[in-house]
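Asks: Following this message is one structure expressed as structure tokens.
What follows draws every value from the coordinates through simple rules; no lab data is involved. Remember, predicted model here, so these are calculated numbers, not experimental data. Counting neighbours? That spans all protein chains shown, and the Cβs are built from the backbone with ideal geometry, glycine included.
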Amino acid sequence: MSIYAQQVAEQLVAFTNHTILMDVSSGIDADTPILDMGILDSLSMVSLLTHIQTRFGVRIPDEEITPDNFETLRVLAELTVSRQGTGTALTKRESALLEAVRLLETSGIERQATTLSPGEEMHTLRVAGDKPTWVLLPGLGNPSSSWGPILQSLQDENEAIAVDFAGFGLSHTQKERPTFHDHVEATMALLEKTATAPFVLVGSSAGAMVATEIARRRPEWVRALVVTGFGLIADTDSWWQRLMTLSDSPEQFMQAAYYHPPHLTEALRELIDDVLNRPAYRSFLEGGGFAAMKTTFDGLTVPTLFVAGENDGIIPAAAVLAAAEAAPQAKVEWLARCGHFPPAEQPQELIYVIRNFLRRVS
């Protein structure tokens, strides 16, 4: 290893300890097996790759996002040095998301792009396993790769599909402002084209509204509905004003959304700002989303499980209980040490309670 590559490795170690792990005494060094130890997830991958681009002017090409090249920070440093001056600088934030997906592909998770109509393409991540198929619908702005820990745990046991909503992640649409109803229709079209019912619909945050609306329209498709991080919001105006106040400060938003908030790197701050400022974010809510918050749980006829974090600062506990009362025979599970995103903070516990629920309703 050259002296310069050694310096790059030392800088990547410092960044990982200080920014990703937030623990300068963690013991992580240039030869630590960062993939085997689970140090890199979707968000930390974005932060690390963006840091390499910002600090060293290097974009790691898609074909080089492999386990071998990310085995240790020393190996990654040598790759970074070898790519300098090759004209591969990162130009868009979406490239980092694509690279996170690429790394998941190396673990056996399949990426698929499905054309629904001219100009409309839905991006999904998939794993094979036994049916029924789990359909994983994210919160607004969360990419399909945010389901990475869930997909890796389900692999070879349960067939699963993680979806990017049009206007976010790696899905595309000709509509600049897709509405809540557009997302429902697109997801239903995707399932009709690429999967076989019945499904276990798992919706996170706003994705839970899409899952619930599909369950209302096509109950024969649904083995079970799982709602995480959402509830019945009667006063949408007050709720929206509070959310916008939180969103003015990424620090406050992360504190409200997570029990253990990720360290707010510049890359993560830019990602949050990008999501909240997308036209598709507001159009989802204004195009039927606000109305659905009040009524979407009324009259559900499918087995329904609500999974909520005890420390969710976005959706009040009372809203979860109100939604469960509106859905006949619904069950509620509370996860300790968890905020608004159980799939991210407590993936194994989420899988456990879903499987227990499925055994009871089978």
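Asks: Figure the gain on full extension for residue 153 and residue 66 (residue separation times 0.36 nm, minus the Cα-Cα span) and round it to one decimal in nm.
Replies: Taking 0.36 nm per residue and subtracting the Cα distance, the gain is 29.3 nm.
Asks: In a shell of Cβ-Cβ distance under 13 Å around residue 336, excluding residue 336 itself, what net charge do Lys and Arg (+1) and Asp and Glu (-1) give?
Replies: Net of charged neighbours comes to -4.
Asks: So between residue 255 and residue 295, what do we pick up on full extension, going 0.36 nm a residue minus the alpha carbon distance?
Replies: Extra length available between residue 255 and residue 295 comes to 11.5 nm.
Asks: With each run of n ≥ 4 DSSP H residues scored as -39500 (n - 2.57), what mean residue ellipticity at 222 nm is computed for the chain after dividing by its residue count and rounding to the nearest 500 deg cm²/dmol?
Replies: Computed ellipticity for the chain at 222 nm equals -13000 deg cm²/dmol.
Asks: Further, regarding this structure: Return the FRET efficiency for the residue pair residue 128, residue 331: r is the Cβ-Cβ distance, R0 is 35 Å, and the value is rounded to the nearest 0.05.
Replies: 0.75
Asks: Still on this structure: Would you mind pulling out the separation of the Cα centroids of region 238-290 and region 308-356, in Å?
Replies: If we compute the Cα centre of each part, the gap is 20 Å.
Asks: Taking K and R as +1 and D and E as -1, what net charge do the other residues with C-beta under 11 Å from the C-beta of residue 5 add up to?
Replies: -1
Asks: Rank the residues 312, 41 as a footprinting-exposure proxy: fewest other Cβ atoms within 10 Å of their Cβ go first.
Replies: So the ranking, lowest neighbour count to highest, is 41, 312.
Asks: Restricting the count to DSSP beta bridges whose residues both fall in the chain, what percent are antiparallel, rounded to a multiple of 5?
Replies: Antiparallel bridges: around 35 percent, rounded to the nearest 5.
Asks: Using +1 on the beta carbon of Lys and Arg, -1 on that of Asp and Glu, and nothing else charged, what's the dipole of the chain about the Cα centre, debye to 20?
Replies: Dipole magnitude for the chain comes out near 780 debye.
Asks: Calculate the spin-label point distance for residue 36 paired with residue 181, positioning each point 7 Å from the Cα along the beta-carbon direction, and give it in nanometres.
Replies: Reported label-point gap for residue 181 and residue 36 is 5.5 nm.
Asks: Could you give me the radius of gyration and the Dmax of the chain, taking only the C-alpha atoms into account and expressing both in angstrom?
Replies: 20.5, 67
Asks: With Cβ to Cβ distances under 9 Å as the rule, what net charge do the other residues near residue 279 carry (K, R +1; D, E -1)?
Replies: Charge balance in the 9 Å sphere: +2.
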